[in-house]
Amino acid sequence: MIKDKTEQTNLPAYTRVVYGDVYNSLSSSISKDTQLSANLRSFFQYNRLVNAALNNIKINQKVLQLGLTFGDQIDRAASIVGAYGQLDVFDINKFQVARNQEKYGNIYPSLKIFCQDASTIKIKEEYDTVLCFFLLQELPPYTKAKVINNALAAVKPGGSVIFVDYHNPLFWHPLRYVVRMYNRLRHPFVEKMWDREINSYAKHRGDFIWRKSTYFGRMFQKVVATRKTSPLDEIVSAEMNKHDETYLPEF
């Protein structure tokens, strides 16, 4: 049985200090691990963002997710992958790993949850898809860069890395400044997602075709990085990279 409170001194300071009360508490985790909580924290955009994240995942694929999540996102990913696919989930927090291993048990044969630091582990397998669902917003810039590059290194030619996270809202967005003040108090690394594009952290940016969609007045973003496989990809990538930002229509 998972205890209600677990101290983990081996966690990096940025997550222990900022998110320790949330991720090391069973009662807090249970309260946030609901659809209502996920909807409230995303201004009722949760299902839309999960759908966007999972659109690129197909049955029987080998999928890696970096970071555990609250809500039903992992359930839905495991359902898509199916019994003959593979869904590996890495998370740095031993408490959350144990809690989710107990939560899911043997429900999904394809799902395996490991305690791993996504910023330091050298991933040996090549995956069809790698998913980061609201992970980057919790990381300081240096760690963010390492996670992004490890995610990119883990995908095979033709495969994609999907990042779903916060984005710089439109200037006139009615929630822009409310969200900014709240984040400065509770989520100090979110605003870095406003200031810098995800692909700017990539060491080998040119090896991928980058696509970005935004949602809810550009408050949220989905970035897909697809590893190139042919000379035609070079032409497509050059055309898309003429501008630093490529906003696709919101849907």
Phe216 vs (1) without any contact (Cβ under 8 Å) to a residue 12 or more places away in the chain; (2) open to solvent by 50 Å² or more (accessible area, probe 1.4 Å): all pass except (1)
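Residues that are open to solvent by 30 Å² or more (accessible area, probe 1.4 Å) and touching a residue at least 60 places away in the same chain (Cβ under 8 Å), at least 2 per element: which helices (runs of 4 or more DSSP H) completely within region 1-98 meet that?
Numbers: elements: 13-23, 26-32, 35-41, 46-54, 73-81.
Output list reads 13-23.
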Scanning region 110-128 for residues that are open to solvent by 80 Å² or more (accessible area, probe 1.4 Å) and assigned to a strand (DSSP E or B) gives Lys112
Of Ser200, Ser213, Ser237, Ser160, the only residue that is modelled with pLDDT of 95 or more and outside any strand (DSSP E or B) is Ser200
Restricted to region 164-207 and to residues being more than 17 Å from Phe134 (Cα to Cα), open to solvent by less than 30 Å² (accessible area, probe 1.4 Å) and not charged (D, E, K, R), the residue nearest to the chain's Cα centre (by Cα) is Ala202
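Being touching a residue at least 12 places away in the same chain (Cβ under 8 Å) and of a type in the set (Phe, Trp, Tyr) narrows it down to one residue among Phe171, Phe134; which is it? I'd like the intermediate steps shown before the answer.
Numbers: Phe171 fails: touching a residue at least 12 places away in the same chain (Cβ under 8 Å).
Within the list Phe171, Phe134, the selection yields Phe134.
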(1) open to solvent by 50 Å² or more (accessible area, probe 1.4 Å); (2) more than 17 Å from the chain's Cα centre (by Cα) all hold for Tyr142 apart from (2)
State whether one or more residues within region 100-109 are open to solvent by 20 Å² or more (accessible area, probe 1.4 Å), β-branched (Val, Ile, Thr) and more than 23 Å from Lys212 (Cα to Cα).
yes
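The values are calculated or read from the model by the stated rules, or taken from the named source; none is laboratory data. What you see is a predicted model; the values in this text were computed from it and never measured. All Cβ positions, even for glycine, are placed from backbone atoms using ideal geometry, and neighbour counts span all protein chains on display. Surface accessibility is based on the protein's heavy atoms, side chains included, excluding ligands, DNA and RNA. Shrake-Rupley method; radii C 1.70, N 1.55, O 1.52, S 1.80 Å.
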